[in-house]
Amino acid sequence: MAYALSILEKSPIADGESAAQALARTLHLAQQAERWGYRRFWLAEHHNTPQLACPSPEVLIGYLLGQTSRIRIGSGGVMLQHYSAYKVAENFNLLAALAPGRVDLGVGKAPGGLPLATQALQAAHDRQNKPAFPQQLSQLTAYLNDDAEPGLSATPLPPHAAQRFLLGASKESATLAAESGWAFVFAAHLNGNPQDIREALALYTALSGGRKALLAVAAIAAPSEEQAAALAADIQQYRVHVAGEQSVTVGSLAQAESFVQQAGATDYRIEPRESHILLGTAPQVHQQLAQLQQRYGVDEFIIDTPIGEPSARLTSLQLLAEESLTPA
């Protein structure tokens with residue numbers, strides 16, 4: 001196969017189950033992903049979301065590293081705006097020291113939650129002096145490189161540093177990743193607009209000296225095309241635009257309306273996102289992946305499987321693996 005596959009996991013909590021059960025399933029999925037031959041297993045960060053069990057990827061990364069042996073484990077991603085760049089560097093240097101050569105640090109600009117959670121996470125910030133995201137990324141890069149300032153290191157310094165990825169869905173993010181020396185992941189599972197993808201990926205490759213970006217996509221594979229379509233029937237994302245604020249993508253109209261309410265916004269716009277989910281049997285999904293590879297020149301896809309039903313999610317990822325991956 002000409003491309004690698006990796007997994008983006010959100011630890012969804014199914015109806016009637018506990019967070020502990022959802023997290024146990026995440027562990028099982030990571031172990032299965034390793035057996036099936038997936039390259040990476042990334043954990044998303046979501047706050048104040050009763051349907052998802054992982055607000056702290058770095059905590060769960062350490063747990064999964066201890067119960068797997070080969071697959072790379074990482075964040076997809078840490079929402080850097082909420083945190084000290086120094087502390088993020090310490091966390092991931094420690095993880096990389098625990099499991100050298102197996103840790104990925106993905107960071108993103110999104111809030112990972114609605115405004116009340118963002119306010120709570122940033123309550124201790126001096127808002128007048130809080131750096132903008134590019135400055136935070138520059139600080140994080142310096143700490144990871146151990147050249148921030150004399151006498152200050154984000155210890156422990158690991159033998160193999162975490163691999164660095166910037167997650168984004170725009171030309172601006174692609175430019176920032178290239179200029180910062182970070183790998184770039186275009187979040188097509190949030191913005192599947194072909195022109196946006198093509199322009200951002202081409203810009204990243206040009207500015208980074210020929211490096212190829214990764215592409216995160218939403219994909220659902222099932223035993224039949226009809227079953228895959230049924231699993232995707234109720235999936236709808238919404239983009240929330242609030243005047244003067246960063247636009248965000250949420251997973252339901254109710255979340256969009258809650259975002260506006262919590263932000264106290266009066267000048268806003270909510271628009272449905274066009275669905276760009278790859279659907280079908282495993283061969284059909286791989287055919288679509290091959291077309292995306294040919295179109296954009298990517299060598300690795302991060303697979304987001306937006307299915308709430310646990311067994312269907314597991315089946316989807318297993319079918320994709322059995323179709324093309326060689327166990328590690």
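The values are calculated or read from the model by the stated rules, or taken from the named source; none is laboratory data. On a predicted model such as this, the values are computed, not experimentally measured, just so you know. Cβ: placed from backbone, ideal geometry, glycine included. Neighbour counts: every protein chain shown. Surface areas here come from the heavy atoms of the whole protein model, side chains and all, with no ligands, DNA or RNA. Shrake-Rupley method; radii C 1.70, N 1.55, O 1.52, S 1.80 Å.
Here the accessible area of the stretch 140-298 is 47 percent carbon and sulfur, with a 1.4 angstrom probe and all protein chains present. Residues with beta-carbon under 14 Å from that of residue 175, excluding residue 175: net charge, scoring Lys, Arg +1 and Asp, Glu -1? Here the charged neighbours net out to -1. In the full protein context, the chain carries 45 Å² of accessible surface per residue, based on a 1.4 Å probe and ignoring ligands, DNA and RNA. Relative contact order of the chain, taken over Cα pairs closer than 8 Å and 6 or more residues apart, is 19 percent. Here r is the Cβ-Cβ distance between residue 63 and residue 160 and R0 is 25 Å; the resulting FRET efficiency, rounded to 0.05, is 0.80.
Net charge in the neighbourhood of residue 36 (other residues with Cβ under 12 Å of its Cβ; Lys, Arg +1, Asp, Glu -1) is 0. Of the residues 267, 147, 299, the one that moves most in a GNM of the chain with alpha-carbon contacts below 10 Å is 267. Each Lys or Arg adds one and each Asp or Glu takes one away; over the other residues whose Cβ falls under 14 Å from the Cβ of residue 98, this sums to -1.
Applying a DSSP loop filter and a limit of 15 other Cβ atoms within 10 Å to the trypsin sites (Lys or Arg not before Pro) in the stretch 43-103 leaves 70.
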